[in-house]
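Working notes, structure below.
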Amino acid sequence: MSQGLPATGSVLQGSVAAPGNQSQPQVSPEDDDRRVRRREKNRVAAQRSRKKQTQKADKLHEEYECLEQENTVLRREIGKLTEELRHLSEALKEHEKMCPLLLCPMNFVSVPRPDPVAGCLPR
């Protein structure tokens, strides 16, 4: 054995605390039970929160899918209406070429017309 050094298992070694390993006060069984209940309550609350968050995400996803379907339907309708507009515009252009009402210059002269409502009123 070395001189001046205490032997293994001596009283001095037990009294020196390792850094960061401070002795903590004794925890009573009531405090321990309270801590366990608090942790359990927190665990349940966290599960509830995660479930609620998942449900919200699921609902948003369903809403997204419905809006995508509606968007697809509306785009198809736009396409059909655009095609109908093109077809009717072509038909109007063809009609304007031979319409007797548009070809007669007298149809563009402004003629005063009697008021249809005035003719129905008693005198």
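Annotations
- Taking the C-alpha atoms of region 28-69, convex hull volume expressed per residue in Å³: 23 Å³
- Coupling constants for region 64-76 follow from the phi torsions by the Karplus curve (6.51 cos²θ - 1.76 cosθ + 1.60, θ = phi - 60°), and in residue order they are 4, 5, 5, 5, 5, 5, 4, 4, 4, 4, 5, 5, 4 Hz; glycine and proline get x.
- Backbone phi angles across region 85-97, fed through the Karplus curve with coefficients 6.51, -1.76 and 1.60 (θ = phi - 60°), yield HN-Hα couplings of 4, 4, 4, 5, 5, 4, 4, 5, 4, 5, 5, 4, 5 Hz in residue order; Gly and Pro are listed as x.
- Proportion of all alpha-carbon pairs of region 39-94 beyond 20 Å (%): 59 percent
Values quoted throughout were computed directly from the atomic coordinates according to the rules given, and no laboratory measurement underlies them. In this text the structure is predicted, and so the values were computed from the model without any measurement.
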